[in-house]
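What follows is a single structure, written as structure tokens, with notes after it.
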Amino acid sequence: MAMPKEQFFLILISFSSLIYPSQSRLSYDYYSKSCPNFNKIIQETVTTKQITSPSTAAGTLRLFFHDCLPNGCDASILISSTPFNSAERDADINLSLPGDAFDLVTRAKTALELSCPNTVSCADILATATRDLVTMVGGPYYNVLLGRKDYRISKSSYVEGNLPRPTMPMSKIISLFAAKGFSVQEMVALSGAHTIGFSHCKEFKSYLYNDTHYNQRFAQALRNACADYPKNPTLSVFNDIMTPNNFDNVYFDNLGKGLGLLESDHGLYNNPITNPFVQIYAKDEKKFLSGFCKSHGEAKCLWIKTGRRGEIRRRCDAIN
């Protein structure tokens, strides 16, 4: 029997809570005494931001993923570069991370510093805000383990080769995730994050004229939508054109109809190793949700920092 839908976002818990028992100081009520209004402040900040900027949920989920996959869920993605150091956020693949996601964390941190100074980590803010946002756009509520610390190091050189690119061959994407301990099925389940959000035209425009995997009417619509690129590099299209604001399995169903947006989306459907899992998830949303959960139930490679391995930053964009 499939796991209940509420377990779907255990993936995000696992992104933010891989722990070794001897090192862990995490708990669900970590701030109950030191910052009793923590959840309330995060919820209020998230609600205001999402209502004002509806793309915040997808942007924050992407920011969270880009923080976690290279070297752990430690808020190192939030640190700004200096004249002496090029930080993760300035790596080529991270330059398109949306400003709304960074702004959300900054707003939450400012409010929390006023309520309980030098207490809440930026890593916990990002993890909890992501949870609250996916709940707002249709995902279930889930508990987040808290008490992680912020990493003191952020280098753009750490990023290359540790995040998948939409133009990568599927074999290379499989290898990238395998190197971090993920099976093919887990990798396919993770790709379901494309059920929300959008991609810029630069990520797919060059394929629109010679890739026969696109539905031709869809390809023409994309060519029209991106007609002013590169004059306007901000042009973008929803990853899931059918239900762009809902967490569901329609993304996988789209792939079989030629409605995948990115080359990596087509790769999922056309690769004989990944296609069976795409078919399973397209037919059964419960299996997709269950698979998304299971893919991080074993959480093999996404380290968090606790104790002296990190710090509580006063500002999320700068090391103390």
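Structure summary
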item: Residues (at pLDDT below 85 and farther than 22 Å from H66 by Cβ) located in the range 305-320; result: G307, R308, N320
item: Filter pass, C68 being in contact (Cβ under 8 Å) with a residue 12 or more places away in the chain and assigned to a helix (DSSP H, G or I); result: yes
item: Answer residue from the range 115-134, given it is among the polar types (S, T, N, Q) and within 14 Å of the chain's Cα centre (by Cα) and is farthest from F64 (Cα to Cα) among those; result: T128
item: The range 143-186, residues that are under 25 Å from S55 (Cβ atoms), assigned to a helix (DSSP H, G or I) and open to solvent by less than 20 Å² (accessible area, probe 1.4 Å); result: I173
item: Among residues of the range 240-255, those that are closer than 18 Å to Q220 by Cα and either in a loop (DSSP other than H, G, I, E, B) or touching a residue at least 60 places away in the same chain (Cβ under 8 Å) (or both), counted; result: 3
item: Residue, farthest from V137 (Cα to Cα), within the range 277-286, restricted to residues that are modelled with pLDDT of 95 or more and either outside any helix (DSSP H, G or I) or open to solvent by less than 60 Å² (accessible area, probe 1.4 Å) (or both); result: F277
item: Number of positions in the range 108-133 that are crowded, with 24+ Cβ neighbours inside 10 Å, in a loop (DSSP other than H, G, I, E, B) and out of contact with any Cys (no Cβ under 8 Å at 6 or more places or on another chain); result: 1
item: Among the candidates A193, A219, A227, residue that is part of a helix (DSSP H, G or I) and without any contact (Cβ under 8 Å) to a residue 60 or more places away in the chain; result: A219
item: Selection status of K40, over 15 Å from V134 (Cβ atoms), of a type outside the set (D, E) and in a helix (DSSP H, G or I); result: yes
item: From L302, L289, L255, residue being modelled with pLDDT under 95, within 17 Å of T195 (Cβ to Cβ) and crowded, with 19+ Cβ neighbours inside 10 Å; result: L289
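Table: residues versus (1) over 15 Å from L69 (Cα atoms); (2) touching a residue at least 12 places away in the same chain (Cβ under 8 Å); (3) among the charged types (D, E, K, R).
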{"site": "A108", "(1), (2), (3)": "yes, yes, no"}
{"site": "E113", "(1), (2), (3)": "yes, yes, yes"}
{"site": "Y141", "(1), (2), (3)": "yes, yes, no"}
{"site": "L146", "(1), (2), (3)": "yes, yes, no"}
{"site": "K149", "(1), (2), (3)": "yes, yes, yes"}
{"site": "Y158", "(1), (2), (3)": "no, yes, no"}
{"site": "G161", "(1), (2), (3)": "no, yes, no"}
{"site": "P164", "(1), (2), (3)": "no, yes, no"}
{"site": "K172", "(1), (2), (3)": "yes, no, yes"}
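Rundown of residues vs (1) open to solvent by 10 Å² or more (accessible area, probe 1.4 Å); (2) under 25 Å from E285 (Cα atoms), yes/no style:
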site: R62; (1), (2): yes, yes
site: D67; (1), (2): no, no
site: N85; (1), (2): yes, no
site: L95; (1), (2): yes, no
site: T106; (1), (2): yes, no
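The values are calculated or read from the model by the stated rules, or taken from the named source; none is laboratory data. These figures come from a predicted structure and were not determined experimentally. Reconstructed Cβ throughout: ideal geometry from the backbone, glycine too, with neighbour counts over all protein chains shown. These accessible areas exclude ligands, DNA and RNA; they are computed on the full protein's heavy atoms, side chains included. Shrake-Rupley method; radii C 1.70, N 1.55, O 1.52, S 1.80 Å.
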